[in-house]
Protein chains: 2
Amino acid sequence: MIESSPPPSATSDELTTDGGRNEFGENLRKLRKDKKMTLADLATASGIAASTLSRAERGLLGLTYDRLSQLADGLGVDMAELFGTGGASFQKNSISVARLGEFELQTTPNYTYEMLFSDVWGKAMTPMAGVVKAHSRLAFDDFIRHPGQEFVFVQSGQLTIYTEANEPVTLEAGESAYLDSSMGHVYTSAGDEDARILVVCLGRGDSA
Amino acid sequence: MIESSPPPSATSDELTTDGGRNEFGENLRKLRKDKKMTLADLATASGIAASTLSRAERGLLGLTYDRLSQLADGLGVDMAELFGTGGASFQKNSISVARLGEFELQTTPNYTYEMLFSDVWGKAMTPMAGVVKAHSRLAFDDFIRHPGQEFVFVQSGQLTIYTEANEPVTLEAGESAYLDSSMGHVYTSAGDEDARILVVCLGRGDSA
DNA sequence: AAAATAAATTGCGTATACGAAAATTATGTG
DNA sequence: CACATAATTTTCGTATACGCAATTTATTTT
(Lines give C-alpha, C1' and ligand atoms only; values in the text may rest on other atoms or scores of the structure.)
Protein backbone atom coordinates (compact mmCIF):
# COMPACT_ATOMS: atom_id res chain seq x y z
CA MET A 1 0.00 0.00 0.00
CA ILE A 2 1.60 3.23 -1.19
CA GLU A 3 1.53 6.03 1.34
CA SER A 4 1.20 9.57 0.18
CA SER A 5 1.82 12.47 2.52
CA PRO A 6 -0.76 15.20 2.00
CA PRO A 7 -0.36 18.68 3.49
CA PRO A 8 -1.21 18.71 7.22
CA SER A 9 -4.30 20.87 6.68
CA ALA A 10 -5.75 18.29 4.34
CA THR A 11 -5.66 15.47 6.86
CA SER A 12 -9.41 15.28 7.22
CA ASP A 13 -9.77 14.82 3.48
CA GLU A 14 -7.04 12.30 3.16
CA LEU A 15 -9.18 9.26 2.53
CA THR A 16 -11.57 11.07 0.23
CA THR A 17 -8.79 12.67 -1.75
CA ASP A 18 -6.80 9.51 -2.24
CA GLY A 19 -9.91 7.63 -3.23
CA GLY A 20 -10.78 10.20 -5.86
CA ARG A 21 -7.29 10.20 -7.24
CA ASN A 22 -7.22 6.43 -7.61
CA GLU A 23 -10.53 6.41 -9.39
CA PHE A 24 -9.35 9.10 -11.72
CA GLY A 25 -6.20 7.14 -12.44
CA GLU A 26 -8.12 3.98 -13.20
CA ASN A 27 -10.43 5.85 -15.53
CA LEU A 28 -7.47 7.44 -17.26
CA ARG A 29 -5.77 4.09 -17.82
CA LYS A 30 -9.02 2.68 -19.14
CA LEU A 31 -9.50 5.59 -21.55
CA ARG A 32 -5.95 5.22 -22.79
CA LYS A 33 -6.21 1.50 -23.32
CA ASP A 34 -9.60 1.81 -25.01
CA LYS A 35 -7.81 3.96 -27.56
CA LYS A 36 -4.98 1.43 -27.91
CA MET A 37 -2.39 4.00 -26.82
CA THR A 38 0.82 3.34 -24.89
CA LEU A 39 2.02 5.77 -22.25
CA ALA A 40 4.55 6.98 -24.81
CA ASP A 41 1.82 7.58 -27.41
CA LEU A 42 -0.19 9.60 -24.94
CA ALA A 43 2.91 11.45 -23.78
CA THR A 44 3.48 12.53 -27.38
CA ALA A 45 -0.15 13.41 -27.95
CA SER A 46 -0.49 15.38 -24.71
CA GLY A 47 2.96 16.82 -24.14
CA ILE A 48 3.08 15.29 -20.67
CA ALA A 49 5.95 13.02 -19.68
CA ALA A 50 5.20 9.30 -19.70
CA SER A 51 6.52 9.05 -16.16
CA THR A 52 3.97 11.62 -14.98
CA LEU A 53 1.17 9.81 -16.78
CA SER A 54 2.18 6.52 -15.20
CA ARG A 55 2.11 8.04 -11.73
CA ALA A 56 -1.24 9.68 -12.36
CA GLU A 57 -2.73 6.37 -13.50
CA ARG A 58 -1.53 4.74 -10.29
CA GLY A 59 -2.90 7.57 -8.15
CA LEU A 60 0.57 8.55 -6.99
CA LEU A 61 0.09 12.21 -7.91
CA GLY A 62 -2.71 14.58 -8.65
CA LEU A 63 -2.34 16.33 -11.97
CA THR A 64 -2.64 20.11 -12.11
CA TYR A 65 -5.26 21.88 -14.16
CA ASP A 66 -2.77 22.59 -16.93
CA ARG A 67 -1.83 18.95 -17.23
CA LEU A 68 -5.48 17.89 -17.12
CA SER A 69 -6.21 20.25 -20.02
CA GLN A 70 -3.35 18.81 -22.03
CA LEU A 71 -4.54 15.33 -21.26
CA ALA A 72 -8.08 15.95 -22.42
CA ASP A 73 -6.69 17.39 -25.66
CA GLY A 74 -4.30 14.47 -26.11
CA LEU A 75 -7.07 11.95 -25.56
CA GLY A 76 -9.58 13.87 -27.64
CA VAL A 77 -12.16 13.98 -24.87
CA ASP A 78 -13.69 16.79 -22.89
CA MET A 79 -13.00 17.33 -19.24
CA ALA A 80 -16.21 15.70 -18.10
CA GLU A 81 -15.38 12.45 -19.83
CA LEU A 82 -11.87 12.60 -18.44
CA PHE A 83 -13.36 12.53 -14.99
CA GLY A 84 -15.68 9.73 -15.90
CA THR A 85 -18.47 11.25 -13.87
CA GLY A 86 -20.49 8.46 -12.31
CA GLY A 87 -18.21 5.87 -10.74
CA ALA A 88 -20.07 2.72 -11.58
CA SER A 89 -20.63 2.22 -15.28
CA PHE A 90 -24.05 1.56 -16.65
CA GLN A 91 -24.54 -2.04 -17.68
CA LYS A 92 -24.32 -2.39 -21.45
CA ASN A 93 -27.25 -4.05 -23.21
CA SER A 94 -29.38 -3.94 -20.10
CA ILE A 95 -33.00 -3.22 -19.44
CA SER A 96 -34.51 -2.93 -15.99
CA VAL A 97 -38.17 -2.92 -15.16
CA ALA A 98 -39.94 -1.14 -12.31
CA ARG A 99 -43.17 -2.94 -11.48
CA LEU A 100 -46.04 -1.26 -9.72
CA GLY A 101 -45.34 -1.10 -6.02
CA GLU A 102 -41.98 -2.78 -6.45
CA PHE A 103 -39.97 -0.21 -4.55
CA GLU A 104 -40.38 0.68 -0.93
CA LEU A 105 -42.44 3.80 -0.39
CA GLN A 106 -40.49 6.61 1.14
CA THR A 107 -42.50 9.01 3.22
CA THR A 108 -41.77 12.55 4.26
CA PRO A 109 -44.27 15.06 5.63
CA ASN A 110 -44.71 16.47 2.12
CA TYR A 111 -44.23 13.55 -0.24
CA THR A 112 -44.77 9.83 -0.56
CA TYR A 113 -42.63 8.42 -3.31
CA GLU A 114 -40.74 5.49 -4.78
CA MET A 115 -37.20 5.81 -5.98
CA LEU A 116 -37.44 3.79 -9.17
CA PHE A 117 -34.53 1.59 -10.27
CA SER A 118 -32.70 2.29 -7.04
CA ASP A 119 -30.82 -0.96 -7.56
CA VAL A 120 -29.57 -0.05 -11.04
CA TRP A 121 -25.92 0.97 -10.96
CA GLY A 122 -24.45 3.66 -13.09
CA LYS A 123 -27.64 5.22 -14.33
CA ALA A 124 -27.39 8.91 -14.99
CA MET A 125 -31.05 9.75 -14.54
CA THR A 126 -32.87 9.25 -11.26
CA PRO A 127 -36.59 8.60 -11.80
CA MET A 128 -39.04 8.95 -8.92
CA ALA A 129 -42.78 8.39 -8.80
CA GLY A 130 -45.04 9.59 -6.05
CA VAL A 131 -47.70 11.72 -4.50
CA VAL A 132 -47.43 15.32 -3.32
CA LYS A 133 -49.14 15.66 0.03
CA ALA A 134 -48.18 19.28 0.56
CA HIS A 135 -50.89 21.70 -0.49
CA SER A 136 -49.14 24.86 0.50
CA ARG A 137 -45.75 26.31 0.10
CA LEU A 138 -45.85 27.00 3.82
CA ALA A 139 -45.41 23.30 4.39
CA PHE A 140 -41.75 23.75 3.44
CA ASP A 141 -39.09 25.29 5.65
CA ASP A 142 -36.93 26.08 2.65
CA PHE A 143 -36.50 25.44 -1.04
CA ILE A 144 -34.91 22.25 -2.28
CA ARG A 145 -31.78 22.54 -4.38
CA HIS A 146 -29.40 20.12 -6.03
CA PRO A 147 -27.01 20.53 -8.91
CA GLY A 148 -28.38 19.50 -12.30
CA GLN A 149 -31.63 19.46 -14.22
CA GLU A 150 -35.06 18.10 -13.43
CA PHE A 151 -38.06 16.98 -15.44
CA VAL A 152 -41.42 16.65 -13.72
CA PHE A 153 -44.59 15.18 -15.24
CA VAL A 154 -48.06 15.39 -13.69
CA GLN A 155 -49.92 12.11 -13.96
CA SER A 156 -53.02 13.21 -12.10
CA GLY A 157 -54.20 16.15 -10.09
CA GLN A 158 -52.84 19.64 -10.24
CA LEU A 159 -49.31 20.70 -9.28
CA THR A 160 -47.91 24.08 -8.43
CA ILE A 161 -44.18 24.59 -8.65
CA TYR A 162 -42.65 27.37 -6.60
CA THR A 163 -39.10 28.44 -7.44
CA GLU A 164 -36.92 31.11 -5.94
CA ALA A 165 -36.31 32.86 -9.24
CA ASN A 166 -39.63 32.64 -11.08
CA GLU A 167 -43.35 33.12 -10.66
CA PRO A 168 -45.12 29.93 -9.51
CA VAL A 169 -46.42 27.74 -12.31
CA THR A 170 -49.36 25.35 -12.11
CA LEU A 171 -49.54 22.19 -14.17
CA GLU A 172 -52.57 20.06 -15.05
CA ALA A 173 -52.53 16.31 -15.54
CA GLY A 174 -50.51 15.46 -18.64
CA GLU A 175 -48.43 18.59 -18.42
CA SER A 176 -44.79 18.82 -17.48
CA ALA A 177 -41.93 21.13 -16.57
CA TYR A 178 -38.18 21.18 -17.03
CA LEU A 179 -36.03 23.17 -14.64
CA ASP A 180 -32.61 24.00 -13.30
CA SER A 181 -32.61 21.99 -10.09
CA SER A 182 -29.85 24.02 -8.48
CA MET A 183 -32.43 26.80 -8.22
CA GLY A 184 -34.53 26.47 -5.10
CA HIS A 185 -37.83 24.76 -5.83
CA VAL A 186 -40.76 22.99 -4.13
CA TYR A 187 -43.73 21.07 -5.47
CA THR A 188 -47.22 21.42 -3.98
CA SER A 189 -50.57 19.94 -4.89
CA ALA A 190 -52.85 22.67 -6.10
CA GLY A 191 -56.30 21.13 -5.91
CA ASP A 192 -58.23 19.14 -3.32
CA GLU A 193 -56.58 16.00 -4.59
CA ASP A 194 -52.96 15.03 -3.93
CA ALA A 195 -51.12 15.32 -7.23
CA ARG A 196 -49.40 12.22 -8.58
CA ILE A 197 -46.14 13.01 -10.28
CA LEU A 198 -43.20 11.47 -12.01
CA VAL A 199 -39.85 13.17 -11.58
CA VAL A 200 -36.59 12.51 -13.40
CA CYS A 201 -33.48 14.12 -11.95
CA LEU A 202 -30.16 14.44 -13.64
CA GLY A 203 -27.07 15.29 -11.67
CA ARG A 204 -25.97 14.64 -8.16
CA GLY A 205 -28.47 14.38 -5.37
CA ASP A 206 -32.19 14.01 -5.81
CA SER A 207 -35.38 15.90 -5.40
CA ALA A 208 -38.43 15.10 -3.34
CA MET B 1 2.00 41.70 -15.61
CA ILE B 2 2.88 38.71 -13.43
CA GLU B 3 5.33 36.36 -15.03
CA SER B 4 5.11 32.66 -14.40
CA SER B 5 7.92 30.33 -15.31
CA PRO B 6 6.57 27.06 -16.67
CA PRO B 7 8.76 23.98 -17.08
CA PRO B 8 11.00 24.29 -20.13
CA SER B 9 9.33 21.39 -21.92
CA ALA B 10 6.01 23.16 -21.75
CA THR B 11 7.18 26.23 -23.59
CA SER B 12 5.21 25.46 -26.72
CA ASP B 13 2.06 25.21 -24.65
CA GLU B 14 2.70 28.31 -22.64
CA LEU B 15 0.09 30.51 -24.25
CA THR B 16 -2.52 27.78 -24.49
CA THR B 17 -1.96 26.71 -20.92
CA ASP B 18 -2.12 30.18 -19.49
CA GLY B 19 -5.19 30.90 -21.55
CA GLY B 20 -7.00 27.87 -20.24
CA ARG B 21 -6.03 28.68 -16.71
CA ASN B 22 -7.30 32.22 -16.93
CA GLU B 23 -10.63 31.06 -18.30
CA PHE B 24 -10.93 28.54 -15.55
CA GLY B 25 -10.15 31.20 -12.98
CA GLU B 26 -12.76 33.55 -14.37
CA ASN B 27 -15.36 30.80 -14.36
CA LEU B 28 -14.45 29.91 -10.79
CA ARG B 29 -14.82 33.49 -9.60
CA LYS B 30 -18.15 33.72 -11.37
CA LEU B 31 -19.44 30.51 -9.80
CA ARG B 32 -18.35 31.71 -6.37
CA LYS B 33 -19.96 35.12 -6.74
CA ASP B 34 -23.15 33.61 -8.13
CA LYS B 35 -23.40 31.78 -4.86
CA LYS B 36 -22.68 34.92 -2.86
CA MET B 37 -19.60 33.37 -1.30
CA THR B 38 -16.45 35.16 -0.21
CA LEU B 39 -13.09 33.52 -0.68
CA ALA B 40 -13.17 32.75 3.03
CA ASP B 41 -16.58 31.07 2.73
CA LEU B 42 -15.36 28.90 -0.10
CA ALA B 43 -12.12 28.16 1.73
CA THR B 44 -14.20 26.83 4.62
CA ALA B 45 -16.53 24.89 2.35
CA SER B 46 -13.76 23.34 0.29
CA GLY B 47 -10.87 23.02 2.73
CA ILE B 48 -8.61 24.97 0.37
CA ALA B 49 -6.77 28.07 1.60
CA ALA B 50 -8.27 31.39 0.55
CA SER B 51 -4.91 32.48 -0.80
CA THR B 52 -4.81 29.46 -3.10
CA LEU B 53 -8.33 30.15 -4.29
CA SER B 54 -7.45 33.78 -4.97
CA ARG B 55 -4.42 32.75 -7.02
CA ALA B 56 -6.43 30.16 -8.94
CA GLU B 57 -9.08 32.74 -9.79
CA ARG B 58 -6.40 35.06 -11.15
CA GLY B 59 -4.81 32.28 -13.17
CA LEU B 60 -1.61 32.44 -11.15
CA LEU B 61 -1.57 28.74 -10.44
CA GLY B 62 -3.14 25.56 -11.77
CA LEU B 63 -4.96 23.58 -9.12
CA THR B 64 -4.22 19.89 -8.77
CA TYR B 65 -6.81 17.20 -9.20
CA ASP B 66 -7.25 16.85 -5.47
CA ARG B 67 -7.91 20.55 -5.06
CA LEU B 68 -10.30 20.53 -8.00
CA SER B 69 -12.28 17.72 -6.40
CA GLN B 70 -12.50 19.64 -3.13
CA LEU B 71 -13.58 22.70 -5.00
CA ALA B 72 -16.40 20.98 -6.82
CA ASP B 73 -17.64 19.60 -3.51
CA GLY B 74 -17.35 22.97 -1.82
CA LEU B 75 -19.26 24.70 -4.59
CA GLY B 76 -21.80 21.90 -4.85
CA VAL B 77 -21.23 21.43 -8.56
CA ASP B 78 -19.90 18.59 -10.59
CA MET B 79 -16.63 18.72 -12.44
CA ALA B 80 -18.23 19.49 -15.78
CA GLU B 81 -19.82 22.62 -14.41
CA LEU B 82 -16.59 23.60 -12.72
CA PHE B 83 -14.95 23.65 -16.12
CA GLY B 84 -17.87 25.33 -17.73
CA THR B 85 -18.03 22.67 -20.43
CA GLY B 86 -20.98 21.66 -22.51
CA GLY B 87 -21.85 23.46 -25.72
CA ALA B 88 -24.96 25.44 -25.13
CA SER B 89 -25.43 26.08 -21.46
CA PHE B 90 -28.67 25.37 -19.76
CA GLN B 91 -30.29 28.56 -18.58
CA LYS B 92 -29.63 29.07 -14.90
CA ASN B 93 -32.64 29.58 -12.65
CA SER B 94 -35.01 28.63 -15.42
CA ILE B 95 -38.20 26.65 -15.54
CA SER B 96 -40.03 25.75 -18.71
CA VAL B 97 -43.54 24.40 -18.95
CA ALA B 98 -44.99 22.02 -21.53
CA ARG B 99 -48.74 22.50 -21.77
CA LEU B 100 -51.08 19.86 -23.12
CA GLY B 101 -50.96 19.89 -26.89
CA GLU B 102 -48.41 22.65 -26.95
CA PHE B 103 -45.94 20.92 -29.23
CA GLU B 104 -46.57 19.81 -32.76
CA LEU B 105 -47.47 16.17 -33.05
CA GLN B 106 -44.94 14.16 -34.96
CA THR B 107 -46.29 11.15 -36.77
CA THR B 108 -44.54 8.04 -38.01
CA PRO B 109 -46.17 4.76 -39.02
CA ASN B 110 -45.52 3.41 -35.50
CA TYR B 111 -45.72 6.37 -33.18
CA THR B 112 -47.44 9.68 -32.68
CA TYR B 113 -45.54 11.82 -30.28
CA GLU B 114 -44.59 15.30 -29.05
CA MET B 115 -41.03 16.32 -28.45
CA LEU B 116 -41.45 18.21 -25.19
CA PHE B 117 -39.34 21.33 -24.50
CA SER B 118 -37.92 21.25 -28.00
CA ASP B 119 -37.25 24.96 -27.68
CA VAL B 120 -35.21 24.67 -24.48
CA TRP B 121 -31.49 25.03 -25.13
CA GLY B 122 -28.82 23.09 -23.31
CA LYS B 123 -31.06 20.56 -21.67
CA ALA B 124 -29.43 17.21 -21.16
CA MET B 125 -32.59 15.11 -21.06
CA THR B 126 -34.97 14.82 -23.99
CA PRO B 127 -38.55 14.11 -22.82
CA MET B 128 -41.15 12.83 -25.31
CA ALA B 129 -44.81 12.00 -24.83
CA GLY B 130 -46.91 9.98 -27.21
CA VAL B 131 -48.87 7.00 -28.36
CA VAL B 132 -47.54 3.69 -29.67
CA LYS B 133 -49.53 2.66 -32.72
CA ALA B 134 -47.46 -0.39 -33.50
CA HIS B 135 -48.92 -3.60 -32.08
CA SER B 136 -46.36 -5.98 -33.43
CA ARG B 137 -42.66 -6.15 -33.65
CA LEU B 138 -43.10 -6.95 -37.32
CA ALA B 139 -44.09 -3.36 -37.85
CA PHE B 140 -40.41 -2.42 -37.52
CA ASP B 141 -37.77 -2.99 -40.16
CA ASP B 142 -35.03 -2.85 -37.56
CA PHE B 143 -34.26 -1.98 -33.96
CA ILE B 144 -33.70 1.61 -32.92
CA ARG B 145 -30.37 2.55 -31.33
CA HIS B 146 -28.78 5.71 -30.03
CA PRO B 147 -25.97 6.28 -27.54
CA GLY B 148 -27.03 6.87 -23.97
CA GLN B 149 -29.73 5.81 -21.56
CA GLU B 150 -33.50 5.83 -21.78
CA PHE B 151 -36.33 5.85 -19.29
CA VAL B 152 -39.83 4.91 -20.44
CA PHE B 153 -43.01 5.19 -18.40
CA VAL B 154 -46.39 3.71 -19.37
CA GLN B 155 -49.23 6.13 -18.71
CA SER B 156 -51.97 3.94 -20.07
CA GLY B 157 -52.37 0.70 -21.95
CA GLN B 158 -49.85 -2.05 -22.11
CA LEU B 159 -46.38 -1.82 -23.65
CA THR B 160 -44.02 -4.53 -24.81
CA ILE B 161 -40.38 -3.65 -25.22
CA TYR B 162 -38.30 -5.79 -27.55
CA THR B 163 -34.54 -5.49 -27.32
CA GLU B 164 -31.78 -7.24 -29.21
CA ALA B 165 -30.08 -8.55 -26.10
CA ASN B 166 -32.92 -9.46 -23.75
CA GLU B 167 -36.25 -11.27 -23.59
CA PRO B 168 -39.18 -8.97 -24.35
CA VAL B 169 -40.72 -7.28 -21.32
CA THR B 170 -44.29 -6.11 -20.99
CA LEU B 171 -45.26 -3.16 -18.84
CA GLU B 172 -48.67 -2.24 -17.46
CA ALA B 173 -49.87 1.31 -16.86
CA GLY B 174 -47.82 2.93 -14.08
CA GLU B 175 -44.82 0.72 -14.74
CA SER B 176 -41.55 1.79 -16.27
CA ALA B 177 -38.23 0.63 -17.66
CA TYR B 178 -34.70 1.96 -17.80
CA LEU B 179 -32.39 0.78 -20.56
CA ASP B 180 -29.17 1.19 -22.45
CA SER B 181 -30.41 2.94 -25.55
CA SER B 182 -27.40 2.00 -27.64
CA MET B 183 -28.83 -1.50 -27.55
CA GLY B 184 -31.39 -2.06 -30.30
CA HIS B 185 -34.92 -1.61 -28.99
CA VAL B 186 -38.53 -1.05 -30.17
CA TYR B 187 -41.73 -0.29 -28.31
CA THR B 188 -45.06 -1.90 -29.22
CA SER B 189 -48.52 -1.70 -27.75
CA ALA B 190 -49.47 -5.03 -26.29
CA GLY B 191 -53.22 -4.84 -25.87
CA ASP B 192 -56.09 -3.74 -28.06
CA GLU B 193 -55.50 -0.18 -26.97
CA ASP B 194 -52.63 2.00 -28.17
CA ALA B 195 -50.27 2.48 -25.21
CA ARG B 196 -49.60 6.02 -24.09
CA ILE B 197 -46.02 6.52 -22.95
CA LEU B 198 -43.57 9.07 -21.68
CA VAL B 199 -39.96 8.67 -22.71
CA VAL B 200 -36.91 10.50 -21.41
CA CYS B 201 -33.70 10.06 -23.35
CA LEU B 202 -30.27 11.01 -22.19
CA GLY B 203 -27.37 11.22 -24.53
CA ARG B 204 -26.97 12.18 -28.13
CA GLY B 205 -29.75 11.44 -30.53
CA ASP B 206 -33.31 10.49 -29.62
CA SER B 207 -35.65 7.58 -29.63
CA ALA B 208 -39.06 7.20 -31.17
C1' DA C 1 -14.22 62.31 6.83
C1' DA C 2 -12.21 58.88 10.07
C1' DA C 3 -12.41 54.49 12.06
C1' DA C 4 -13.72 49.78 12.03
C1' DT C 5 -14.52 45.65 9.70
C1' DA C 6 -14.50 42.53 5.84
C1' DA C 7 -12.34 40.71 1.88
C1' DA C 8 -8.54 39.90 -1.01
C1' DT C 9 -3.65 39.60 -1.88
C1' DT C 10 1.34 38.92 -0.78
C1' DG C 11 5.48 36.78 1.41
C1' DC C 12 7.81 32.79 2.66
C1' DG C 13 8.77 28.05 3.97
C1' DT C 14 7.37 23.22 2.97
C1' DA C 15 5.36 19.60 0.19
C1' DT C 16 4.43 17.84 -4.21
C1' DA C 17 4.17 18.01 -9.35
C1' DC C 18 7.00 17.35 -13.17
C1' DG C 19 10.46 15.93 -16.82
C1' DA C 20 14.62 13.57 -18.51
C1' DA C 21 17.31 9.71 -18.10
C1' DA C 22 18.17 5.27 -16.21
C1' DA C 23 16.45 0.94 -14.67
C1' DT C 24 13.11 -2.67 -14.61
C1' DT C 25 9.42 -5.41 -16.40
C1' DA C 26 6.67 -7.27 -20.11
C1' DT C 27 6.20 -8.99 -24.62
C1' DG C 28 7.50 -10.85 -29.07
C1' DT C 29 10.57 -13.56 -32.10
C1' DG C 30 13.77 -17.10 -33.63
C1' DC D 1 15.55 -20.71 -23.94
C1' DA D 2 18.12 -16.36 -25.29
C1' DC D 3 17.78 -12.08 -27.15
C1' DA D 4 15.67 -7.89 -28.81
C1' DT D 5 12.28 -4.61 -28.39
C1' DA D 6 8.51 -2.21 -26.29
C1' DA D 7 6.31 -0.49 -22.32
C1' DT D 8 6.30 0.94 -17.74
C1' DT D 9 8.33 2.44 -13.51
C1' DT D 10 11.95 4.61 -10.64
C1' DT D 11 15.46 8.09 -9.54
C1' DC D 12 16.77 12.69 -8.88
C1' DG D 13 16.97 17.63 -9.55
C1' DT D 14 14.01 21.72 -10.50
C1' DA D 15 9.71 24.20 -10.69
C1' DT D 16 5.33 25.07 -8.79
C1' DA D 17 1.32 24.16 -5.67
C1' DC D 18 -0.04 25.10 -1.19
C1' DG D 19 -1.09 26.92 3.57
C1' DC D 20 -0.33 30.17 7.38
C1' DA D 21 0.41 34.69 8.80
C1' DA D 22 1.03 39.40 7.62
C1' DT D 23 -0.24 43.14 4.74
C1' DT D 24 -3.11 45.72 1.66
C1' DT D 25 -7.43 46.99 -0.33
C1' DA D 26 -12.38 47.51 -0.28
C1' DT D 27 -16.52 48.27 2.10
C1' DT D 28 -19.28 49.54 5.95
C1' DT D 29 -20.22 52.13 10.05
C1' DT D 30 -20.05 56.15 12.90
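With respect to chain B, whose longest principal axis is taken over its alpha-carbon atoms, helix B:65-75 is tilted by about 70°.
Entry note, chain B: relative contact order of 16 percent, from Cα contacts under 8 Å with a spacing of 6+ residues. Excluding residues fewer than 8 places away in the same chain, name every one of the lysines whose C-alpha is closer than 29 Å to that of A:K92. Excluding near neighbours in sequence, the set is A:K30, A:K33, A:K35, A:K36, A:K123, B:K123, B:K133. Under a Gaussian network description of chain A, with springs only between Cα atoms under 10 Å, the residue in A:A80, A:A129, A:A195 that fluctuates furthest is A:A80. Residues in segment A:163-169 carry Karplus couplings, in order, of 10, 6, 10, 9, 5, x, 10 Hz; the curve used is 6.51 cos²θ - 1.76 cosθ + 1.60 with θ = phi - 60°, and Gly or Pro positions show x.
Calculated translational diffusion coefficient of chain B (25 °C, 0.890 mPa s; Stokes-Einstein with Kirkwood radius over alpha-carbon pairs) equals 118 µm²/s. For segment B:129-198, the dipole from Cβ point charges (+1 on Lys and Arg, -1 on Asp and Glu) about the Cα centre works out to 140 debye, to the nearest 20. Accessible area per residue was computed with a 1.4 Å probe on protein heavy atoms; A:Y113 scores about 30 Å². Using a 7 Å projection from Cα along Cα-to-Cβ, the label point at B:S51 is separated from the same position in the remaining copies by 3.0 nm, smallest value first. Across the identical copies, the 7 Å label point of B:F143, projected outward along Cα→Cβ, sits 4.3 nm from its counterparts, in ascending order.
Along the axis of the charge dipole computed for segment B:75-208 (Cβ charges of +1 for Lys and Arg, -1 for Asp and Glu, origin at the Cα centre), the listed residues B:G101, B:Y187, B:W121 are led at the positive end by B:W121.
With a 1.4 Å probe rolled over the protein heavy atoms of all chains, the accessible area of A:K30, B:K92, B:K123 falls in the order A:K30, B:K92, B:K123, largest first.
Springs join every pair of Cα atoms under 10 Å in this Gaussian network model of chain A, and among A:S46, A:S94, A:S176 the largest mean-square fluctuation is at A:S94. Computed with a 1.4 Å probe on the full set of protein chains, the accessible area for A:D41 sits at about 70 Å². Taking max minus min of the alpha-carbon positions on each principal axis, segment A:79-146 gives extents of 43, 33, 12 Å, largest first. The heavy atoms of B:H135 present about 80 square angstrom of accessible area, all protein chains included, probe 1.4 Å. Relative to the longest principal axis of the Cα atoms of chain A, helix A:14-34 runs at roughly 70 degrees. Heavy-atom accessible area with a 1.4 Å probe sorts A:L31, A:L60, B:L198, largest first, into A:L60, A:L31, B:L198.
The values are calculated or read from the model by the stated rules, or taken from the named source; none is laboratory data. As the structure is a computational prediction, the values presented were derived from the model and not from experiment. Methodologically, a virtual Cβ is constructed for each residue, glycine included, from the backbone with ideal geometry; neighbour enumeration extends over all protein chains shown. Surface areas here come from the heavy atoms of the whole protein model, side chains and all, with no ligands, DNA or RNA. Shrake-Rupley method; radii C 1.70, N 1.55, O 1.52, S 1.80 Å.
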